[in-house]
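Report on the structure given below.
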Amino acid sequence: MKLGFNEATALECKGQSLLADLEMCEKYGFDYIEIRFDCIREYLKEHTLEELAAWFGSHHLKPWAYNTLIYFNQRDEAGEKEIDEEVDFILKVSKAIGMKMLITVPAFDVKDKTVGEIKEEAVKRLRYLADKVGKDMKISLEFCGAPNCSINQFGTAYDVVKAVDRGNVGITVDTFHFHEMCSRLEDLRAADGKKIFAYHLNDCEDLPLGSCGDDKRLWPGEGVVDHAGIAAALKEIGFDGVCTIEEFRPAYYEMPHEENVKKAAEVTRDFVKKYFG
Ligand code: ZN
């Protein structure tokens with residue numbers, strides 16, 4: 001299992017930037033980084049994709065995924081055009097730096113749509129996007145554990161991915177999201193391990209289910225997420241990819257940038273050792 005860092009983890013730390021994250025991730029032994037949509041845009045104000053490609057070419061750390069193509073489904077015509085433009089940008093970045101995946105999240109607050117209608121439309125949209133990115137680029141669907149997210153449980157997201165039936169479309173398991181909307185371990189155990197494209201690691205405060213925002217995330221092991229259950233299920237289905245820490249906690253943003261990344265590396269390494277050996 002490789003170690004990954006999602007830029008959300010240190011996003012608001014003083015001195016944070018894509019370059020600062022790269023340097024610290026390299027220093028503390030991460031294998032991969034998930035690059036955020038806002039961080040890459042900020043980087044490109046003063047740097048070029050060629051510079052970024054050269055950085056990755058001369059370091060151990062590699063780009064894992066683009067995070068995130070926001071709200072791929074249930075969009076109007078203007079919204080779908082925005083998605084197309086964003087995907088064009090992602091493809092340009094990915095080709096330049098050798099990144100092979102984008103993560104996408106579903107729309108929120110789609111009133112009066114049944115789960116069946118949502119699934120059907122999501123399948124259509126993901127097939128369209130899978131064709132657009134081409135088979136060398138993967139798309140990972142990340143369900144969000146909020147009551148008002150259109151796809152908010154593992155089982156629903158997996159049904160969509162299965163129906164899409166493309167080799168380059170899979171799913172992200174974010175442990176916070178898995179916990180928050182009571183996704184079922186039996187659904188995870190029944191999944192194909194090769195369809196798990198990303199594994200987002202974090203924990204969650206002991207608050208009523210479905211009530212937490214991302215700011216209630218904790219370092220893994222400090223909350224109430226059933227990590228033993230999720231990790232055992234992932235092992236059982238043969239998942240062996242990248243375990244990526246992803247936090248959004250204001251208190252962690254108060255830490256000096258380097259301390260944040262250092263701590264993130266320690267907890268991710270300890271977690272992987274404990275559950276995956
Ligand atoms: Zn996530």
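Computed over the chain, the convex hull of the alpha-carbon atoms projects to a mean area of 13.6 nm². Computed on protein heavy atoms with a 1.4 Å probe, the accessible areas place Lys95, Lys27 in the order Lys95, Lys27, largest first. Expressed as a whole percent, the accessible surface of the stretch 43-111 that belongs to carbon and sulfur atoms is 53, based on a 1.4 Å probe. Residues whose amide H lies under 5 Å from that of Trp64, counting only those 5 or more places away or on a different chain, are Ile33, Glu34, Ile35; hydrogens are built 1.01 Å from N in the peptide plane.
Considering helices alone, the calculated mean residue ellipticity of the chain at 222 nm is -13500 deg cm²/dmol, with DSSP H runs of length four and up weighted by -39500 (n - 2.57) and normalised per residue.
Taking θ as phi - 60° and the Karplus parameters 6.51, -1.76 and 1.60, the scalar couplings of the stretch 220-230 work out to x, x, 9, x, 10, 5, 7, 5, 4, x, 5 Hz in sequence order, x denoting glycine and proline.
Derived scalar couplings between HN and Hα for the stretch 161-167 equal 4, 5, 5, 4, 6, 10, x Hz in order, rounded to whole Hz, by the Karplus curve 6.51 cos²θ - 1.76 cosθ + 1.60 (θ = phi - 60°), x for Gly and Pro.
Taking amide H as placed 1.01 Å from N in the peptide plane, the amide H of Val169 sits under 5 Å from that of Ile139, each at least 5 places away or on another chain. Listed as lacking a disulfide-compatible partner in the chain: Cys13, Cys25, Cys39, Cys182, Cys204, Cys212, Cys243, by the criterion of no other cysteine Cβ under 4.7 Å.
Among the protein heavy atoms of the stretch 134-277, carbon and sulfur supply 48% of the accessible surface, probe 1.4 Å, non-protein parts ignored. A 1.4 Å probe run over the stretch 191-277, with the rest of the protein chains in place, finds 43 Å² accessible per residue. Please report the spacing between the Cα centers of the stretch 3-74 and the stretch 171-227 in Å, no decimals. Taking the Cα centre of each part, the stretch 3-74 and the stretch 171-227 sit 23 Å apart. Taking all protein chains as they are arranged and a probe of 1.4 Å, the heavy atoms of Arg189 leave approximately 110 Å² accessible to solvent. Phi-derived couplings, Karplus 6.51 cos²θ - 1.76 cosθ + 1.60 at θ = phi - 60°, listed residue by residue for the stretch 191-202: 7, 8, x, 6, 8, 8, 8, 9, 10, 9, 9, 5 Hz, with x used for Gly and Pro. Computed over the chain with a Gaussian network model linking Cα atoms closer than 10 Å, the most mobile of Phe176, Phe56, Phe143 is Phe56.
Computed with every protein chain present, the accessible area of Leu102 is close to 0 Å² [probe 1.4 Å].
Across the protein chains, with a 1.4 Å probe defining accessible surface, the residues His59, His200 rank His59, His200 from largest area downward. Using the Cβ atoms and a cut-off under 9 Å, what net charge is assigned to the surroundings of Gly223, where Lys and Arg are +1 and Asp and Glu are -1? Net local charge, Gly223 excluded: -2. Ordered by 1.4 Å accessible area with all protein chains kept, Glu121, Glu222, Glu236 run largest first as Glu236, Glu222, Glu121.
The values are calculated or read from the model by the stated rules, or taken from the named source; none is laboratory data. Small disclaimer: the values here were computed from a predicted structure and weren't measured. So basically every Cβ, Gly included, is an ideal-geometry build from the backbone, and we count neighbours across all protein chains shown. Ligands, DNA and RNA are stripped out before the accessible areas are found, and what is left, the full protein with its side chains, is counted by its heavy atoms. Shrake-Rupley method; radii C 1.70, N 1.55, O 1.52, S 1.80 Å.
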